[in-house]
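Here's the structure, in C-alpha cells; my notes come after.
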Amino acid sequence: MNRKKNRNDKLLSQKDIDNSPLLSSLSFIGFKEFKYLCKLIPDKRIESLILKEEIPDIKKLIGIVYILTIDDKVIKIGQTMNTFIDRLGSYNCGKNLNRIHGTASTTNWFILQSFLSLEKDIVVYYFNPPKPEKVNFWGCDHDCTRPIYKTAEKICIEEYIKQFKCKPYVVIPKDNPNSYLFPSLITCLHNFCCHNLSIDKLVLIL
C-alpha cells in the first residue's frame, strides 16, 4: 500500500533558502563564537551527504551545537549529544526506502531529501559549550539540569527569534518532537515578519 502523502513531503526549496538570513547578519554575540566544522556534499547516486573538508578534531567534539548553512544562509540550528559524524550518520538514514519501510524518522528524511534535491554544498559551523554543573552563557547564569548543549541550542534559537521574529526553516516544535514546522508555513512567517508584508497577506499563523 502506498504511503499517504502529507506536508512532510514538501521539501526545502531555493525560495526557502533565499528567504533565510545570512549567517553574518545574526546579531546575537553567541553566534560569533561558532567556528567552521565541515562541509557536506549531497550525492544523489548513493543518496547520502558526504563529509568533506572537516577540521582535524571533528571526532573529538562531543555535545556540540551546530548551524547548517546553504549559500551562507542559516537553515538549521541544532545540537547533538554525540559527535557531528554520528549526527550525519543519522541524517543519512533518511533514505526514501527507509521511509517507505518506516525506519527513517521525519527529521532525517526531511533533511537528507531536501539537501539532495537542492544539490548545494552545506557548510556546518559549531559551538562547543563547556560541560560544568553551572554555566554562564553570554551574561546569563543557567543551571545544568539538562545537557548543556541543549541549553546552548535553546538560547541560540531564542535569540534568532528575537532578531528575525521567526524560527529557522528547520525547527522541531517542543510540543511534538517528531514533527517539523514545514517550509510552507515558515515561508509565510518569513514573508510577514522579515519582509514587512501587510497582514492581509499572512494566510496562516503558527
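The values are calculated or read from the model by the stated rules, or taken from the named source; none is laboratory data. Note that the coordinates shown come from a computational prediction; the quantities given were computed from them, not determined experimentally. Ideal geometry is used to build each Cβ from the backbone, glycine not excepted, and the neighbour counts take in all protein chains shown. Keep in mind that these areas ignore ligands, DNA and RNA; they rest on the heavy atoms of the full protein, side chains included. Shrake-Rupley method; radii C 1.70, N 1.55, O 1.52, S 1.80 Å.
Summary table
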item: Amide proton proximity set for ILE50, modelled H, under 5 Å, gap of 5+; result: ILE41, ASP43
item: ASP43, ASP71, ASP16, ASP141, ranked by accessible area, largest first (probe 1.4 Å); result: ASP141, ASP71, ASP43, ASP16
item: Full-extension gain in nm, GLU33 to ASP57, via 0.36 nm per residue minus C-alpha separation; result: 7.0 nm
item: J(HN,Hα) series, the stretch 115-131, from Karplus relation 6.51 cos²θ - 1.76 cosθ + 1.60, nearest Hz, glycine and proline x; result: 5, 5, 6, 6, 6, 10, 5, 10, 9, 10, 10, 9, 10, 9, x, x, 10
item: 5 angstrom amide H check on GLN79, placed H, neighbours 5+ away; result: TYR66
item: Greater than 28 Å apart at Cα, pairs in LYS44/LYS162; LYS73/LYS162; LYS44/LYS150; LYS15/LYS60; result: LYS44/LYS162; LYS44/LYS150; LYS15/LYS60
item: Surface accessible to a 1.4 Å probe, per residue, for the residues of the stretch 1-114, Å²; result: 53 Å²
item: Net charge dipole size for the stretch 5-117 [Lys, Arg +1 and Asp, Glu -1 on Cβ; Debye, nearest 20]; result: 280 debye
item: Ellipsoid semi-axes in whole angstrom, largest first, where each is sqrt(5λ) of the Cα gyration tensor of the stretch 15-73; result: 22, 19, 8
